[in-house]
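The values are calculated or read from the model by the stated rules, or taken from the named source; none is laboratory data. The structure presented is a predicted model; accordingly, all values stated were derived computationally and were not measured. When we count neighbours, we look across all protein chains shown, and the Cβ atoms used for this are built from the backbone with ideal geometry, even at glycine.
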Amino acid sequence: MVGTGQGGSAMIVRNPTEGEVERAIEVASIAFPNVTREQWVESFSMIAEVFGRRFILVVEDEGVIVSTLVCQPRPVYIFGSPVPHASTGAVATVPEARCRGCAGAMMAECVRLLRAEEVWLSSLWPFSYAYYRKFGWEIGAETRCYSAPGKVFSELGDAGKTRPAVEADLAQVKAIYDDWAKGFNCLTQRNDVWWERVIPIRLLAEPNLIVHETGGRIDGYAAYKTDRESKSVHVQEIVFFDAAHRRDMLAFLGKAEPEGTVSFDAPLDDLFLQEMPNPRLANATLSSSFQFRVTDPPRAMEALGVDETVSGRVSFAISDPVFEEGWRFGIEVDYGAVTLTKPDPKRTLEMDVTTFARLYSGYLTAFDAWELGKLEVGGGALDALLTACDVFSPLTPYRSALEPG
């Protein structure tokens, strides 16, 4: 894409050549000095090798590459079924080229790129919710964060049922994750390449993965980082099917750092405080999480898994800052099977694409969006609103800290 920067200069958004990937790495290193160059080399090299350079974008301004971003395509689970998705991240611009519209042009092109690649969803970890909202990304979930002194967690369960993982455990860890991920919206359907090249777990480098066992069988795990200076442990992902198993793993980590702090994130509907004998001993906060984008609403609806008891018709009129013509389409649901139809003005829900993203992720129901004034019901057809409530997934949206973006 060719555009014009704020200073009137020619600005081109494109994929880098093989030789220009090094400059893209340099741009990211300059923009994010808190991340080592070696990490950027590993990240960009992996994306170019595994996904292809077409999932790296750069901005050339006055003949110099000044901005870059990367996408990592892999489906996410929505209501237990995979939907094409890509994380978007490393959105970087060198200081001297900022405030010229480079990153904005790149974000808009990113949406067009993903749609052209038949990737209907995207997630990112934002530095500013307001900034990415301008290009159609919206908050996709809220996350709970719990923290307490290690000695508090050490008394919550049986640490003896948890041990450091070994490489032979990874096959069971992968299977456990997949079963767990299907119970939420927006977690990645991870394949072997994803585990080996994308997820920052190095089993043999340091003990940053523990597993929980019952009767000799692994039934939970936790991936974590330790800050030796502050004696703090942050759990990046903790997977379990029995609440007692999470308490056992937290007890293990608490015993490892009894004088430090242990913290972990959890989905919005998590009930951890109700498990604690004295919940005042833990800090609990609620915060906005990742941002979410639907790049092609009609195709995303075709890909959506719907409960097989649901039938009905509803139409959508969606405005979009990238696709100025917007989206107008209808769907008919027949016992969970979704078919695209022509829009019906009498059964139309009107909204912008950021509201649609919240509906799709499961963060907001159609009825709540209507009550908040984020959605209008054309023709007064409230039954279409109720159909939309049934169509979108009721599962809680969540992405752990191990998810890229």
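Worth a mention:
- Of the residues making up segment 248-272, those that are surrounded by 14 or more Cβ atoms within 10 Å (Cβ to Cβ), outside any strand (DSSP E or B), at pLDDT 95 or above and of a type outside the set (G, A, S) number 9.
- Answer from A165, A159, A148, A181 - the residue that is under 17 Å from the mean Cα position of the chain (by Cα), in the same structural domain as P258 (by TED's automatic domain parsing) and surrounded by 19 or more Cβ atoms within 10 Å (Cβ to Cβ): A181
- Checked against (1) in contact (Cβ under 8 Å) with a residue 40 or more places away in the chain; (2) buried (at least 20 other Cβ atoms within 10 Å of the Cβ); (3) over 30 Å from E302 (Cα atoms), P95 passes all but a single condition, namely (2).
- When the residues of segment 329-374 are filtered to those that are assigned to a strand (DSSP E or B) and out of contact with any helix residue (DSSP H, G or I) (no Cβ under 9 Å at 6 or more places or on another chain), the one that is nearest to E142 (Cα to Cα) is D352.
- Contacts under 7 angstrom Cβ, first residue in segment 305-324 being touching a residue at least 40 places away in the same chain (Cβ under 8 Å) and at negative phi, partner crowded, with 16+ Cβ neighbours inside 10 Å and basic (K, R), 6 or more apart: R313/R347; V314/R347; S315/R347; A317/R328
- You will find that of R115, R163, the residue that is among the charged types (D, E, K, R), closer than 30 Å to S81 by Cα, touching a residue at least 40 places away in the same chain (Cβ under 8 Å) and out of contact with any Gly (no Cβ under 8 Å at 6 or more places or on another chain) is R115 and no other.
- Residue-level analysis places A90 outside the set of residues that are of a type in the set (A, V, I, L, M) and surrounded by fewer than 21 Cβ atoms within 10 Å (Cβ to Cβ).
- Lone unmet requirement of (1) assigned to a loop (DSSP other than H, G, I, E, B); (2) closer than 24 Å to I238 by Cβ for F127: (2)
- In segment 254-270, the residues that are in the same structural domain as K225 (by TED's automatic domain parsing) reach residues that are of a type in the set (A, V, I, L, M) and part of a helix (DSSP H, G or I) with C-beta atoms within less than 8 angstrom, at least six apart or across chains, in these pairs: G254/V152; G254/A159; K255/A159; V262/L250; V262/L253; F264/L250.
- Close pairs (9 angstrom Cβ cut-off, 6 or more residues apart or separate chains): at negative phi in segment 366-382, of a type in the set (K, R) and surrounded by fewer than 17 Cβ atoms within 10 Å (Cβ to Cβ) anywhere: G378/K346; A381/K346
- Scanning segment 104-132 for residues that are more than 15 Å from the chain's Cα centre (by Cα) and either of a type in the set (F, W, Y) or farther than 16 Å from A92 by Cα (or both) yields a count of 10.
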